[in-house]
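Novice: One structure is given below, represented as C-alpha cells, and several questions about it will come after.
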C-alpha cells in the first residue's frame with residue numbers, strides 16, 4: 001500500500017523561478033491496485049512519482065509504504081519495495097553492460113552486493129527463461145551489450161528487470177511514450193501480464209487518456225500539483241476519453257483552453 | 001636495446017601496469033577522471049621510503065604507503081561527492097596538496113634507499129637468478145596478481161554495481177546501489193594500486209623523489225588505451241591483463257624512441273614522446289573506423 005499525506009513539493013524555493021510542483025496531494029493506493037495518473041505537462045505527475053520513489057524530497061507531508069513511514073528514506077533505501085521503469089528506454093539499463101549483467105543488477109535490487117560472482121549458469125538460465133517470454137529472440141543475446149539493442153528491446157528488458165526481484169510497488173513513468181505504437185502495445189501487454197502475475201501495487205503515469213482508461217482499475221488526474229479527480233469502479237468503466245476531457249474542462253474553473261494537444265490525441 | 005635496458009623496461013612496465021589498472025578503474029569503470037594519481041604515486045613511494053629509512057619492516061612500509069595513497073583517493077572522492085567540486089578539479093586540488101605533503105613526509109626532496117633493505121631483499125639470489133631478472137619476476141608477479149584480483153572484484157556483485165555506477169547512475173540508484181559508496185571504494189582502490197606502484201618503484205629503483213609522480217596519469221592512460229585497442233574484449237580478466245601489456249608496450253615504445261640514434265631524442269624529450277604516443281593511440285581507433293566506413297561506402301557505391 002502507498003499512502004501520501006498532504007504532500008507538498010516546491011522547486012527553487014524563495015527564488016523568482018519558484019515552482020509549487022505538488023500542492024497537498026492526498027492519495028492512498030491499496031495493495032494490488034493499479035492506478036493510472038494523467039494530467040497535462042507540468043501538472044506534477046512525474047514529480048509525484050519521483051517523490052514516491054525518493055528521487056525528490058518532499059517539502060511537506062508524509063509518505064507511507066504499508067505502515068512504514070518512508071518520508072526520510074533516500075531513493076536507494078526504497079528500492080526493496082519499489083521497482084521502476086522510466087520513460088527513456090536508455091535510462092533503465094546500462095548501455096555498456098551486457099544484457100545478463102543488467103539483469104544481474106536488477107536481480108540484486110535492494111540487496112547489498114556481495115563478493116560472490118555476479119553471474120553464474122543458474123542465473124543465466126533464469127534470465128534466459130524470462131527473456132524468452134518477450135518473443136524477441138533476446139534469450140540468445142545474453143552477452144550482447146545493452147547499447148546494441150533497440151529502444152523497444154531495451155524497454156522490454158527494463159520491464160522484465162523490474163519484476164526479477166520481488167517488490168510490492170511498480171512505478172511506471174510514461175514507459176511506452178518513447179516507443180512506436182506496435183512496440184508500445186507489446187510493452188503494455190507484458191506490463192499487464194507481470195502486474196497480474198505478481199499482484200503488484202502499480203502507479204502508471206501516462207500522457208494518453210486512452211491508455212489511462214484501458215489499464216488499471218482507477219484513474220487520477222493531477223492539475224497544478226493537486227488531484228482534481230479520482231475515478232474508479234463502475235463510474236470509471238463507463239468513461240470515454242471525451243468524458244475525461246469534459247471533466248477536465250469542468251475541473252479547471254478558470255476556463256482556460258486546453259493547450260496540450262497530446263491530451264487530445266487519445267491513443 | 002641491450003638486455004640490461006630491456007629488463008629495466010620490463011620492470012618499469014610491470015610497475016606501471018599497476019598504475020594502468022588503477023587508472024582503468026577511475027576513468028573507464030567509474031567515469032571519474034582522477035588526476036590524484038600524480039600525487040598518490042609519489043605518496044606511496046615517499047611513505048614507504050621514509051619508513052624503511054626509519055628502520056621499519058619493508059612489508060609494513062609498503063602496506064602503509066599503499067594505504068596512504070588510498071586515503072588520498074578518498075579525499076578526492078570526498079571533495080567531489082560532499083561538496084560537488086568537479087571531479088577533475090577535486091583531483092587536481094588533492095594532487096597539488098600532495099606535492100607539499102610528500103615533501104613533508106620525506107623532510108627533503110629525495111630519499112635514497114640504495115643501502116637499505118627493500119621488499120626485494122628476501123628474494124635476492126633465489127634460484128641463482130641475477131638480481132635484474134629477479135626484480136622483473138617479482139614485479140611481474142605483483143602486477144599479475146593485482147590484475148587478477150581486480151578482475152575478480154569487478155566480476156562480483158559488488159564490482160558489477162560499481163560498473164553500473166559509472167555507466168548509468170540513475171539506473172544504479174533505482175536498483176538500490178548507493179552511488180557515493182561505490183565512488184569512495186573505487187577511488188581508494190585505484191589510488192591504492194597507484195601508491196603500491198610508487199612503493200615498488202622506490203624500492204626497485206632505490207629512491208623516492210618529490211617529482212617522480214609527474215605525468216603518472218598520462219602514462220597510465222597510455223597503457224590503458226594501448227592495451228584496450230590491442231585486445232578489444234568485454235572480459236574483465238582480459239581487460240585487466242591488457243592494462244599490464246599496454247604498459248609494457250608503452251615502455252618499449254618509449255625506450256625504442258629514446259634509443260634510436262637516428263631520431264636524435266634526448267632523455268629530456270620523454271614527456272613529448274609520451275604525449276605524442278598517447279595522442280596517436282587516441283587518434284588511431286578513430287581513423288581506423290573512419291577508414292572502414294569509407295571502405296564500406298566504396299563497396300556499396
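The values are calculated or read from the model by the stated rules, or taken from the named source; none is laboratory data. In this text the structure is predicted, and so the values were computed from the model without any measurement. Neighbour counts run over all protein chains shown; Cβ positions are idealised from the backbone, glycine included.
Novice: Hey, does segment B:198-209 have a residue that's assigned to a helix (DSSP H, G or I) and surrounded by fewer than 24 Cβ atoms within 10 Å (Cβ to Cβ)?
Specialist: yes
Novice: Among the residues that make up segment A:34-46, is at least one of them surrounded by 15 or more Cβ atoms within 10 Å (Cβ to Cβ), under 16 Å from the mean Cα position of the chain (by Cα) and part of a helix (DSSP H, G or I)?
Specialist: yes
Novice: How about segment B:160-173: which of its residues are in contact with a helix residue (DSSP H, G or I) (Cβ under 8 Å, 6 or more places away or on another chain) and either at the interface with chain A (Cβ under 7 Å from one of its Cβ atoms) or in contact (Cβ under 8 Å) with a residue 40 or more places away in the chain (or both)?
Specialist: B:160, B:161, B:162, B:163, B:164, B:165, B:166, B:171, B:173
Novice: Now for a separate question. Quick one: in segment A:112-142, which of the residues that are assigned to a loop (DSSP other than H, G, I, E, B) and free of Cβ contacts under 8 Å to residues at least 12 places away in the same chain is farthest from the other protein chains (Cβ to nearest Cβ)?
Specialist: The residue in question is A:135.
Novice: Is it the case that some residue within segment B:181-188 is touching a strand residue (DSSP E or B) at 6+ places or on another chain (Cβ under 9 Å), at pLDDT 95 or above and within 21 Å of residue B:43 (Cα to Cα)?
Specialist: No, there is no match, as no residue in segment B:181-188 is touching a strand residue (DSSP E or B) at 6+ places or on another chain (Cβ under 9 Å), at pLDDT 95 or above and within 21 Å of residue B:43 (Cα to Cα).
Novice: Taking segment A:78-101 only, how many residues are more than 8 Å from chain B (Cβ to nearest Cβ) and assigned to a helix (DSSP H, G or I)?
Specialist: Counting residues in segment A:78-101 that are more than 8 Å from chain B (Cβ to nearest Cβ) and assigned to a helix (DSSP H, G or I) gives 3.
Novice: I need a count of the residues in segment B:189-207 that are at pLDDT 95 or above and touching a strand residue (DSSP E or B) at 6+ places or on another chain (Cβ under 7 Å).
Specialist: Of the residues in segment B:189-207, 1 are at pLDDT 95 or above and touching a strand residue (DSSP E or B) at 6+ places or on another chain (Cβ under 7 Å).
Novice: What tally of residues in segment A:210-244 results from selecting those that are outside any strand (DSSP E or B) and closer than 27 Å to residue A:10 by Cα?
Specialist: Result for segment A:210-244: 3.
Novice: Here's something else I'd like to know. Within segment B:174-187, work out how many residues are crowded, with 22+ Cβ neighbours inside 10 Å and either facing chain A (nearest Cβ under 7 Å) or over 21 Å from residue A:104 (Cβ atoms) (or both).
Specialist: 5
Novice: While we're looking at this one, here's another question. Answer with yes or no whether residue B:149 is more than 8 Å from chain A (Cβ to nearest Cβ) and free of Cβ contacts under 8 Å to residues at least 24 places away in the same chain.
Specialist: So residue B:149 passes the test.
Novice: Identify the residue in segment A:24-77 that is in contact with a helix residue (DSSP H, G or I) (Cβ under 6 Å, 6 or more places away or on another chain) and on the phi > 0 side of the Ramachandran plot and, among all such residues, is nearest to the other protein chains (Cβ to nearest Cβ).
Specialist: By that ranking, first place goes to A:54.
Each row is one residue, and each column tells you yes or no for (1) in contact with a strand residue (DSSP E or B) (Cβ under 7 Å, 6 or more places away or on another chain); (2) under 25 Å from residue B:206 (Cα atoms); (3) at pLDDT 95 or above; (4) surrounded by fewer than 22 Cβ atoms within 10 Å (Cβ to Cβ).
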position	(1), (2), (3), (4)
B:60	no, yes, yes, yes
B:67	no, yes, yes, yes
B:93	no, no, yes, yes
B:114	no, yes, no, yes
B:124	no, yes, no, yes
B:128	no, yes, no, yes
B:132	no, yes, no, yes
B:143	no, yes, yes, no
B:150	no, no, yes, no
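Novice: So which residues in segment A:122-178 are closer than 19 Å to residue B:234 by Cβ and surrounded by 20 or more Cβ atoms within 10 Å (Cβ to Cβ)?
Specialist: A:127, A:131, A:138, A:146, A:149, A:153, A:154, A:157
Novice: Let me ask another. Filter segment B:231-241 down to residues that are at pLDDT 85 or above and loosely packed, with under 15 Cβ neighbours inside 10 Å and give me whichever is nearest to the other protein chains (Cβ to nearest Cβ).
Specialist: Among those residues, the one meeting the criterion is B:234.
Novice: Report yes if some residue within segment A:60-75 is within 23 Å of residue B:168 (Cβ to Cβ), free of Cβ contacts under 8 Å to residues at least 24 places away in the same chain and part of a helix (DSSP H, G or I); otherwise report no.
Specialist: Pass one, segment A:60-75, residues within 23 Å of residue B:168 (Cβ to Cβ): A:73-75.
Those left that are additionally free of Cβ contacts under 8 Å to residues at least 24 places away in the same chain: A:73-75.
Going one step further and asking which of them are part of a helix (DSSP H, G or I), we end up with A:75.
So far as segment A:60-75 goes, yes, one or more of its residues are within 23 Å of residue B:168 (Cβ to Cβ), free of Cβ contacts under 8 Å to residues at least 24 places away in the same chain and part of a helix (DSSP H, G or I).
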